[in-house]
Amino acid sequence: MALREHDSDREAILVVDDEEAIRQTLASFLRQSGFDDIVEAPNGEEALKALDERTFALVITDISMPVMGGLELLARVRRTHPETDVAVITGHLELEFAIQAIKNGAFDYFKKPFRFEEVLSTIHRVFEKQHLQRRSLELELLKERRKSEEAHLKEFMLALAHIIDLKSPYTREHSDRTAKIARMLGESLELSADEVERIALGARLHDIGKLGVPDCILDKPGPLTPDEYAIMKEHPARGAELCRPISCLQPVVSMIRWHHENLDGTGYPDGLRGDQIPLDARIVRISDYWDAITSHRSYRSPMSTDEAIRVIEQECEAGRLDGDVARHLFDCVRSGMMKKVQAPATIGLI
Ligand SMILES: [Fe+2]
């Protein structure tokens, strides 16, 4: 079993040849050329023993040797030490072996007598290739790590959204219900499964910016003052800014920012109008609206289903909410599906 690779192994070369004179000539040339870490072996079997002790970047091996020849050594190295490259040395009558070696995964071959500059050029190409492989592996690992950190951050943000709901008895499970309603509307509108998931995630996180709103404003049992309302109105933009740096949440940032926009331009924070408001944000808007008016709040009782439908219809007639999305919402209410996703309106009352 090879030991773990150390930086010093990255330029280690194993020279394998049964002819001592050739082996030593090549080894001393390599040392003179600046490669300090050169090990010699007289045949394939001894070479494998050396490879079991430590890592080599490159094996340069003769083909015809007693005990174990170069082609078998090549096959064993490819199988058990895939990180090590192999170059073979061939006599002038062994070209077919050299071709076979290349087919079996050798990096290159040298014909005897050596042309040392060819050997050096091959060694440099091997090291360059291995350097690039290591770099690409490091980048892969980095990407994987980033992906897993992003996934943790997403879980963390979802936990924060849940905490915001828990902070107030009146909003307990509001984000979760809003997500369920948004998912139902997405399915009713026959959006793709990926799109429905994205919208449900946006709905779960839509109020995350309320982290920056003081509890005394969130739970105020009565109308907000203009100053308090101004603070409350900052939560969509704050939430969007909170999620924007997390790349897996970027697809939901627009929903978070625009879940209080109205089609007639009277919403906030950007006062968007009509088609400027994407469908996903309109879905979250109506889902949030419906759950808010049919749930208890500190300043009022929940509306009945008929009352809530009337209010949404009025909002559509006034040009604030999307009539098409609202029709799908009413279909879900009338078919009884809404009851399944919404908890009883008394939930959370203490
Ligand atoms: Fe909100």
Exercise for the section: Kindly establish whether M184 is within 16 Å of the ligand (Cβ to nearest atom), in the same structural domain as S287 (by TED's automatic domain parsing) and within 19 Å of V284 (Cβ to Cβ). Expected result: no
Handout entry: Any chance D227 is part of a helix (DSSP H, G or I), modelled with pLDDT under 90 and under 24 Å from P269 (Cα atoms)
Key = no
Handout entry: The lone exception for G105 - which of (1) on the phi < 0 side of the Ramachandran plot; (2) small (G, A, S); (3) touching a helix residue (DSSP H, G or I) at 6+ places or on another chain (Cβ under 7 Å) it fails
Key = (1)
Exercise for the section: Please determine, by comparing only the residues of region 234-259 that are of a type in the set (K, R) and surrounded by fewer than 21 Cβ atoms within 10 Å (Cβ to Cβ), which one is farthest from the ligand (Cβ to nearest atom). Expected result: R244
Handout entry: Members of region 187-229 found to be over 25 Å from D322 (Cα atoms) and within 16 Å of the ligand (Cβ to nearest atom), listed by number
Key = L211, G212, V213, P214, D215, I217, L218, D219, K220, L224, E228
Practice task
Please specify each residue of region 260-286 satisfying the condition of being assigned to a helix (DSSP H, G or I), away from the ligand (no atom under 11 Å from the Cβ) and either aliphatic (A, V, I, L, M) or out of contact with any Gly (no Cβ under 9 Å at 6 or more places or on another chain) (or both).
Solution key: D275, L279, A281, R282, I283, I286
Fill in the blank from the handout: Output for Cβ contacts, cut-off 9 Å, separation at least six or different chains, first residue in contact (Cβ under 8 Å) with a residue 24 or more places away in the chain and assigned by TED's automatic domain parsing to the domain that holds Y289 in region 189-215, second part of a loop (DSSP other than H, G, I, E, B) and of a type in the set (G, A, S), reads D215/S168
Handout entry: Only one of L30, L14, L73 that is within 21 Å of I102 (Cα to Cα) and either part of a helix (DSSP H, G or I) or among the β-branched types (V, I, T) (or both)
Key = L73
Handout entry: Given (1) touching a His at 6+ places or on another chain (Cβ under 9 Å); (2) within 16 Å of the ligand (Cβ to nearest atom), number of the condition I293 does not satisfy
Key = (1)
Practice task
With respect to A203, determine if the residue is surrounded by 18 or more Cβ atoms within 10 Å (Cβ to Cβ), within 26 Å of the chain's Cα centre (by Cα) and at pLDDT 95 or above.
Solution key: yes
Handout entry: Residue that is modelled with the highest pLDDT, among those in region 232-259 that are under 21 Å from the mean Cα position of the chain (by Cα) and assigned to a loop (DSSP other than H, G, I, E, B)
Key = R244
Practice task
Spot the failing condition for D37; the list is (1) surrounded by 21 or more Cβ atoms within 10 Å (Cβ to Cβ); (2) within 42 Å of the chain's Cα centre (by Cα); (3) at pLDDT below 95, and only one is missed.
Solution key: (1)
Practice task
Please enumerate the residues belonging to region 33-63 that are part of a loop (DSSP other than H, G, I, E, B) and either out of contact with any Lys or Arg (no Cβ under 8 Å at 6 or more places or on another chain) or free of Cβ contacts under 8 Å to residues at least 40 places away in the same chain (or both).
Solution key: S33, G34, F35, D36, D37, P42, N43, R54, F56, I63
Handout entry: Flag for I293 being touching a Leu at 6+ places or on another chain (Cβ under 7 Å) and in the same structural domain as K233 (by TED's automatic domain parsing)
Key = no
Problem - Residues within region 81-110 that are in contact (Cβ under 8 Å) with a residue 60 or more places away in the chain, more than 13 Å from A47 (Cα to Cα) and within 43 Å of the chain's Cα centre (by Cα), tallied - result: 1
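The values are calculated or read from the model by the stated rules, or taken from the named source; none is laboratory data. Everything numeric here is computed off the predicted structure, so don't read it as measured data. Note that each Cβ is placed from the backbone with ideal geometry, even for glycine, and that neighbours are counted across all protein chains shown.
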